[in-house]
1. Under 7 Å by Cβ, and 6 or more places apart or on different chains, what pairs join a residue from the stretch 1-29 that is in contact (Cβ under 8 Å) with a residue 40 or more places away in the chain and closer than 21 Å to residue 205 by Cα with one that is surrounded by fewer than 16 Cβ atoms within 10 Å (Cβ to Cβ) and acidic (Asp, Glu)?
2. Does the stretch 51-67 hold any residues that are in contact (Cβ under 8 Å) with a residue 60 or more places away in the chain and of a type outside the set (A, V, I, L, M), and which are they?
3. Taking the stretch 78-100, which residues are without any contact (Cβ under 8 Å) to a residue 12 or more places away in the chain and not basic (Lys, Arg)?
4. Quickly run through the stretch 200-226 and pick out the residues that are assigned to a helix (DSSP H, G or I), polar (S, T, N, Q), at pLDDT below 95 and more than 12 Å from residue 149 (Cβ to Cβ).
5. Consider residue 169 carefully, then state whether it is at negative phi, more than 15 Å from the chain's Cα centre (by Cα), part of a helix (DSSP H, G or I) and without any contact (Cβ under 8 Å) to a residue 12 or more places away in the chain.
6. Exactly one of these conditions fails for residue 50: (1) among the β-branched types (Val, Ile, Thr); (2) in contact with a helix residue (DSSP H, G or I) (Cβ under 9 Å, 6 or more places away or on another chain); (3) surrounded by fewer than 18 Cβ atoms within 10 Å (Cβ to Cβ). Give me its number.
7. Kindly provide the set of residues from the stretch 200-217 that are open to solvent by less than 50 Å² (accessible area, probe 1.4 Å) and touching a Ser or Thr at 6+ places or on another chain (Cβ under 8 Å), ordered by number.
Amino acid sequence: MHIGPLLGSGRTADVYALDDSWVLRRYRDGIDTTGELAVMSYLSASGFPVPRIGPPAEAALPTDLVVQRLTGPTLAEALLAGTVTGDDGAELLARLLRELHAIPPRLSQDPADRILHLDLHPENVILAPEGTMVIDWTTAAEGPPALDRAMTALILAQVALAPSFPAGDQLRDLLATLLSRFADDGGVPATALARAAALRAADPGLTVHETAVLDEAAGLVASLTG
């Protein structure tokens with residue numbers, strides 16, 4: 001496949017068109033995609049909605065990943081446009097995590113562990129015509145499901161506290177609804193929230209604002225959980 005034009009750039013990767021069916025995700029910081037590829041293959045075989053994995057591109061690098069080209073808005077775009085309500089958005093996020101955590105771990109021998117996304121937020125959910133898809137499995141790991149729920153809640157709280165975010169109050173409402181949905185799945189224990197905050201604090205990709213409001217965001221999640 002010939003590598004085509006740049007379609008977009010995220011915090012760690014650039015996405016290039018290959019053709020109408022495939023895109024190339026290329027990491028800029030030397031991240032090897034072997035682990036991400038293995039997790040996505042395992043989840044796909046388990047029936048979880050991840051993009052299909054394609055053949056390697058020409059002159060492929062260890063930092064390259066060829067995946068299905070998706071159309072449709074992100075959940076974040078749909079929420080801001082009002083085509084998805086906050087309640088429906090919260091229910092979708094809770095359901096995706098619930099379905100993910102129903103899949104046995106790929107590597108861990110601890111029967112309580114599950115596959116964790118650890119970055120599941122509305123921008124990583126695509127409302128594609130063929131169905132909802134979860135993208136960006138760079139941070140995927142295995143561990144207790146409560147950690148994944150805590151991480152999603154913490155990320156949403158950080159965004160809600162951003163002065164430049166146009167819908168902070170609506171996002172707080174979504175977060176409150178999401179945490180009520182999480183209660184049925186085991187909730188967000190204080191230990192899981194503290195671990196999620198520590199992982200976020202150690203993330204070099206956080207913005208200055210995200211770092212500055214981390215403690216406040218954790219407090220917001222704790223207050224809404226209680």
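1. Going by the 7 Å Cβ cut-off, the qualifying pairs are 12/29.
2. 51
3. Just the residues of the stretch 78-100 that are without any contact (Cβ under 8 Å) to a residue 12 or more places away in the chain, to begin with: 81-83, 85, 88, 95.
Matches in the stretch 78-100: 81, 82, 83, 85, 88.
4. 211
5. In short, yes.
6. Of everything listed in (1) among the β-branched types (Val, Ile, Thr); (2) in contact with a helix residue (DSSP H, G or I) (Cβ under 9 Å, 6 or more places away or on another chain); (3) surrounded by fewer than 18 Cβ atoms within 10 Å (Cβ to Cβ), residue 50 misses just condition (3).
7. 205
Quick grid of which residues meet (1) in contact (Cβ under 8 Å) with a residue 12 or more places away in the chain; (2) surrounded by fewer than 16 Cβ atoms within 10 Å (Cβ to Cβ); (3) assigned to a helix (DSSP H, G or I); (4) small (Gly, Ala, Ser):
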site: 120; (1), (2), (3), (4): yes, no, no, no
site: 127; (1), (2), (3), (4): yes, no, no, no
site: 138; (1), (2), (3), (4): yes, no, no, no
site: 146; (1), (2), (3), (4): yes, no, yes, yes
site: 153; (1), (2), (3), (4): yes, no, yes, yes
site: 178; (1), (2), (3), (4): yes, no, yes, no
site: 182; (1), (2), (3), (4): yes, no, yes, no
site: 198; (1), (2), (3), (4): no, yes, yes, yes
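The values are calculated or read from the model by the stated rules, or taken from the named source; none is laboratory data. Nothing here was measured: the structure is a model prediction, and the numbers come from that model. Neighbour counts run over all protein chains shown; Cβ positions are idealised from the backbone, glycine included. Surface areas here come from the heavy atoms of the whole protein model, side chains and all, with no ligands, DNA or RNA. Shrake-Rupley method; radii C 1.70, N 1.55, O 1.52, S 1.80 Å.
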